[in-house]
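Just below is one structure, and these are the notes that go with it.
The values are calculated or read from the model by the stated rules, or taken from the named source; none is laboratory data. Owing to the predicted nature of the structure, the values given are computational and were not obtained by experimental measurement. Using ideal geometry, Cβ is built from the backbone for each residue, glycine included, and neighbour counts are taken over all protein chains shown. For accessibility, only protein heavy atoms count, side chains too; no ligands or nucleic acids. Shrake-Rupley method; radii C 1.70, N 1.55, O 1.52, S 1.80 Å.
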Amino acid sequence: IMSLLNWTDSDQNSIYDLAFKPDGSQLLVASGSRILVYDPSDGTHSQTLRAHKDTVYCLGYSRDGKRFASGAADKCVIIWTDKLAGILKYTHNEAIQCLAYNPVTPQLASCAINDFEGLWAPEQKSVNKHKMSNRITCCSWTSDGQYLALGLFNGVISIRSKMGEDKIKIERPGGSLCPIWKILWNQNKNNSNDVLTVCDWGQNLSFYHLNGKQIGKDTKLEFDPCALQFFDEGRYLVVGGSNRKTSLYSKEGHFLGIVSDSNSGWVWSIACKPDGNVVVVGHQDGTITCHSLTFSTVHGLYRDCYAFRQLLTNVVVQRLNSDIMDVDLEEDDSSKITIKCNDIVKKISVYKDKLAVQLSDRIVVYKMVTKDTTVTYKPVNKILKKFECNLLVVCSENIILCQESKLTCFSMDGEKQREWLLEANIRYIKVIGGPAGREGMLLGLKNGQVLQIFVDNPFPIEMLKINSSIRCLDLSMKRTKLAIISDNSTCHVYDIATKELLFEEVNANSVAWNTQNEEMLCYSGKGYLGIKAGSFPAQQRRMNGFVVGYCGSRIFCLHVHAMRAVDVPQSAPMYQYLDRQLYNEAYQIACLGVTDTDWYNLSQKALENLSFDVARKAFTRIRNLRYLELIQNIEDRQKRGENKTDLFMADIHAYRSEFAEAAGYYKKAGHSQKAVDMYTDLRMFELEQEYVETSDPVEHKQLMAKQANWAKNTNEPREAAKMYLAAGENLKALDIIGEHGWTDMLMEVARKLDKADREALTKCAFYLKRLQQYAYCAEVYNKMGDKKAHILLHVETKNWDEAFSLVEKFPEFKDDVYVPHAKWLAENDKFEEAQKAFHKAGRITEALHVLEQLTENAVDECRFNDAGYYYWMLSMQCLDIAAEKTPKKAEMLKKFKKYQKLAEIYYVYHSIQRYTDEPFTSHLPEALFNIARFLLHSISGSNPPRGVSKVATLYALAKQSRSLGAYKLARHAYEKLHALKLPLRFQDLIDLGSVTIRSKPYHDNEDLQPMCYRCSTTNPLLNAQGSSCINCHQPFVYSFSSFEVLPLVEFTLEEGIGDEEACRLIDSSIKQAKSNEWKDTERDAQTLRMDEEEEEDPFTARLLTFEQGGGDYLPVVVNRSVLRALPRREVLVRRWAPPLRFQYFKNLMPEVAVAMCDSCFQMFHADDYELMVLQKQCCPFCRKASDAHEDKPEM
């Protein structure tokens, strides 16, 4: 510890207190009744404050530096601004003893000589005072400002809250015999626990926790303490008192040294400058002294193991070659090993696993112990003697102390073994290693001598001598060279064997040899670091500090209080060796630490000079497998006897992409073909021509093909295509042309190709078709003579006219056109045309399948109207198939009848479904009633078709029957419904209807019952026999609009009469209807005859040709005479296509106009039919367009 007196001043009054402004720019001194203001930098007295009337005892600055307070014997406390202006004064009942500002808030605690303690804050109008049991001597706040400690004259410490409430009382053992004179809380921010430092006049220094428990034991001071302050942010304590000295202690209470020692009387006050190393001391006689404290660096280094002193009492050991690059000697770190010595550390030495520490009265030797990857240092020896020495050195079994020119060797137990008296003072000492107990040391003396001493040898050996005092020295790794730093800042390097001076470097104050390379050393001086390799010039870089070690590429440098490990790339010395082609030496330098680029350059230089061993090791370091394979290949060739250096150099240059040089070496070695192959692989076809030694056209074509491949891979497709064409590889060229869509080039190639080259022409046609160039594609197909492909082209492009025209010329391809055409029509909803096309192509199954699929979809989607239409189309399709006299004629006729019935059912059910699912309907109640009856008759005796709900049908019938007065039928319908599984939406409605219908009479409205027009029998509303008369079994003919029974009776032809003859006979009928009407005569008069008798109608006579109540239906059969007698307007003919016969109907009530669709042959009331055609522009059943219909009310 070095204490330097900065300045001193004196006053006639005792200095009772000192206070620094928090920024350190101002010093306040309490001298008598005045407050003196000083500039602490030079001790200039700048101002005097005179506000108190008696002696000022205490001063205190607020933490923010904006205010300070003073307390005096005049019982007053004055608050001042930092501009030295008084702003507030308040009083106590007695003299003020101490005061302290809260470190967090502006609160001020002021304590009087007895009985009172005051708490004041700027926002308060009055001072809160608390009665105390004894005289207050000192006070201090905790770092968080929550608690205030008060020291009392009776030896008690009272800890109170910031509101003044008593929390903890500490009673010291000495009681009133040991008054508390100074207390202070540790303000160090890094200390998580609040520690109270206590000085009493029992000459004790003690420490307490906030909870009142003492830390450790009391430290005896041997004097009465009067002043106490923390120094260096709480790391140390400065204590002064009756011994007239100012002493430095550790924060744990260990004595470290003297700050000041004078005869100026007791030390009454101490102030430490914030964030500085300045201590100001105030004495009893009025003397003020200002001191600067500096701590020397105490450390030791062995290779990368660095030990240094921390906080004067601790030793920290750090491995500098770890990831830690900076070691701060003042800061603690978890990566360091800290040894607490509890005494001032004077000297440190480290060697291998030994660590020696000299304390104030002993030397402790530690040994490194490793357990479970944890490294610690355990004390193994203690020498309990107080030594005075300049240098301390530890070896494996000895301790060596150096004092001036004397060197003393002790055993680990402290026994003196040997002593050397030298001619001059020892300036530098370094252990250079050796067997345990026989280590050697180098000594540099003030007279310029360099001595070598062995621990077990009493005689020093002079190695050499220079003309200047030695400051530093170091021995090279192999102990062949010695570097010396002289007092004139020159580095001398000698060969130890010959004592020859090898070289000198100026401006050096420290030197270190590299511990991993014999030729490398570094030195520092004047802000520069020099790195020297062999005899090459030194490479310099800026760096402050002293070099203390050099290991590999890491240089250890001590600067002020920090040891730095600097990584220095060894690139410069490596290149110095490379320039002289010293590849092994360059490799050794590179191993110390260079960049990957440096490794690559070294490997390339070594490879270029065929130094394969160095090149391999260098390429291995950068993991370049490519060059390692090359080196292995060359060495294998050498083992096989190949010794052409030019070939090796050619391969090396080729690997380095130096192709021109490689080609030159290949040619020089007589291997021009290798140059050609190299340029071919590189796609450098122009350069390869220089080395081509053949005129074979096949080889030229091969080269051309390779060139085309390269052009293709380098995204030059047009050039590649041209090259492929030139090389005769037409297919590859066409692939490129087609992929890029070059139509003109594609046609140009196609027209040049021979028509026998079908593969190439086919590829041309393929790409032209893909490019939608159909005309060009057809031209290619014509050139090839491929008619089928030509036709399929038109089919694929939907060019049906051209396809049909070609099929007419080549009918063998009919199926290739008609079938795709039919499928296309079906996909475009042109089902009629699709069916015709399928038929034309002879694909009956496909024709039926199209309609069957559509029908199923319509049923699944509840489009029952569409389903009826599709079933009608299916039936007509089956009839067409049956007309072709196929083996399936009977099956097709059966399907015709089945599909006709299904068409009618779905057509009718469409109205029922809309009525039950939609809130409104366009049908009249009578129509819905008839529709429901017709549907029930149609599905009676069998399960309903898919999608047809019997529940909905019966529900509609029940509702309409009730509204029209057919109560019996309604009740019957409800009973039928209860026998079925009902949907939830119908459940309540049906239950309610079935209950309410019972209130109605059990009979039907007779007007609703249908009448048979053949036998005039009234039929029940529901007929077990279906839609036919219960008497004559004549089937009813319904109007497909209102579904009323039409006055039509079907008749059949007598055997031997054909349909054509029957129609001719009906058309030739000339019978006129007679009637009793007025007629005009030739005499311009109107007459009415009543005596004419009506002739009997032969058809009417045949209506009753049936057996009443018989079980079989007997149709009306007519002969030729009856046919002639039938009026044409009263006959309707269903002209079914073969193989079906025509159906004939006689209208028994000519006044009722009946219309029939000439497509589906369904009957309608003429008025209803005309209205429906006007609305829908087509027949409601078969959807035949309206312009194709001719209404035929009667025949």
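Things to note:
- Residue match in the stretch 524-534 (condition: open to solvent by less than 20 Å² (accessible area, probe 1.4 Å), basic (Lys, Arg) and outside any loop (DSSP other than H, G, I, E, B)): yes
- Unique residue being open to solvent by less than 20 Å² (accessible area, probe 1.4 Å) and either outside the structural domain of GLN229 (by the TED database) or farther than 25 Å from PRO225 by Cα (or both) when the list is ILE78, ILE15: ILE78
- Selection from the stretch 251-299 of residues that are closer than 13 Å to VAL29 by Cα and of a type in the set (Phe, Trp, Tyr): TRP268
- Evaluating LYS371 against the criteria (1) surrounded by fewer than 17 Cβ atoms within 10 Å (Cβ to Cβ); (2) closer than 30 Å to ILE258 by Cα leaves one unmet condition, (2).
- Per the conditions (1) farther than 27 Å from MET543 by Cβ; (2) open to solvent by 60 Å² or more (accessible area, probe 1.4 Å); (3) modelled with pLDDT under 90, the sole criterion not satisfied by LYS430 is (1).
- On the stretch given as the stretch 594-643, residues that are among the hydroxyl-bearing types (Ser, Thr, Tyr), open to solvent by less than 20 Å² (accessible area, probe 1.4 Å) and within 19 Å of PRO569 (Cβ to Cβ) total 1.
- Top-ranked residue of the stretch 460-481 - restricted to ones that are basic (Lys, Arg) and part of a strand (DSSP E or B), ranked as surrounded by the fewest Cβ atoms within 10 Å (Cβ to Cβ): LYS465
- Candidate set from the stretch 968-1013 (those that are of a type in the set (Phe, Trp, Tyr) and open to solvent by less than 100 Å² (accessible area, probe 1.4 Å)); member that is nearest to the chain's Cα centre (by Cα): PHE986
- All of ALA958, ALA903 fail the test of being farther than 18 Å from GLN1162 by Cα, in contact with a Gly (Cβ under 8 Å, 6 or more places away or on another chain) and crowded, with 21+ Cβ neighbours inside 10 Å, apart from ALA958.
- The numbered conditions (1) more than 18 Å from PRO1115 (Cα to Cα); (2) open to solvent by 10 Å² or more (accessible area, probe 1.4 Å); (3) of a type outside the set (A, V, I, L, M, F, W, C) are all true for ARG1134 except (1).
- Test: residue in the stretch 642-654 that is aliphatic (A, V, I, L, M), under 30 Å from ASN517 (Cα atoms) and outside any loop (DSSP other than H, G, I, E, B): no
- If you go through the stretch 860-872 and keep only what is surrounded by 20 or more Cβ atoms within 10 Å (Cβ to Cβ) and touching a residue at least 60 places away in the same chain (Cβ under 8 Å), you end up with PHE864, ALA867, GLY868, TYR869, TRP872.
- Pick from the stretch 904-944, criterion assigned to a loop (DSSP other than H, G, I, E, B) and polar (S, T, N, Q), ranking: nearest to LYS959 (Cα to Cα): THR921
- Single unsatisfied condition, THR498 versus (1) in a loop (DSSP other than H, G, I, E, B); (2) under 28 Å from VAL568 (Cβ atoms); (3) modelled with pLDDT of 90 or more: (2)
- Filter result (open to solvent by less than 10 Å² (accessible area, probe 1.4 Å) and closer than 17 Å to THR289 by Cβ) within the stretch 25-39: LEU27, LEU28, VAL29, ALA30, SER31, LEU36, TYR38
- Strands (runs of 3 or more DSSP E) fully within the stretch 199-311 counting 3 or more residues that are surrounded by fewer than 17 Cβ atoms within 10 Å (Cβ to Cβ) and not assigned by the TED database to the domain that holds VAL394: 255-261
- Matching residues, the stretch 375-413, being assigned to a loop (DSSP other than H, G, I, E, B) and in contact with a Leu (Cβ under 7 Å, 6 or more places away or on another chain): PHE387, CYS389, SER405
- Per-region count, the stretch 545-566, residues assigned to a loop (DSSP other than H, G, I, E, B), open to solvent by 30 Å² or more (accessible area, probe 1.4 Å) and closer than 14 Å to VAL511 by Cα: 0
- Boolean, LEU221 is touching a Leu at 6+ places or on another chain (Cβ under 9 Å) and closer than 30 Å to VAL547 by Cβ: no
- Boolean, ASP579 is under 44 Å from the mean Cα position of the chain (by Cα) and not small (Gly, Ala, Ser): no
- Looking across the stretch 752-805 at every residue that is in a helix (DSSP H, G or I), acidic (Asp, Glu) and more than 51 Å from the chain's Cα centre (by Cα), the one that is modelled with the highest pLDDT is identified as GLU759.
- Of the strands (runs of 3 or more DSSP E) contained entirely in the stretch 86-183, those carrying at least 3 residues that are of a type in the set (Gly, Ala, Ser) fall at 108-112.
- Of the residues making up the stretch 43-56, those that are surrounded by 16 or more Cβ atoms within 10 Å (Cβ to Cβ) and either farther than 18 Å from THR287 by Cβ or in contact with a Cys (Cβ under 7 Å, 6 or more places away or on another chain) (or both) are GLY43, LEU49, ALA51, HIS52.
- Conditions (1) closer than 14 Å to GLY593 by Cβ; (2) in a strand (DSSP E or B); (3) open to solvent by 10 Å² or more (accessible area, probe 1.4 Å); number of the one not met by ALA572: (2)
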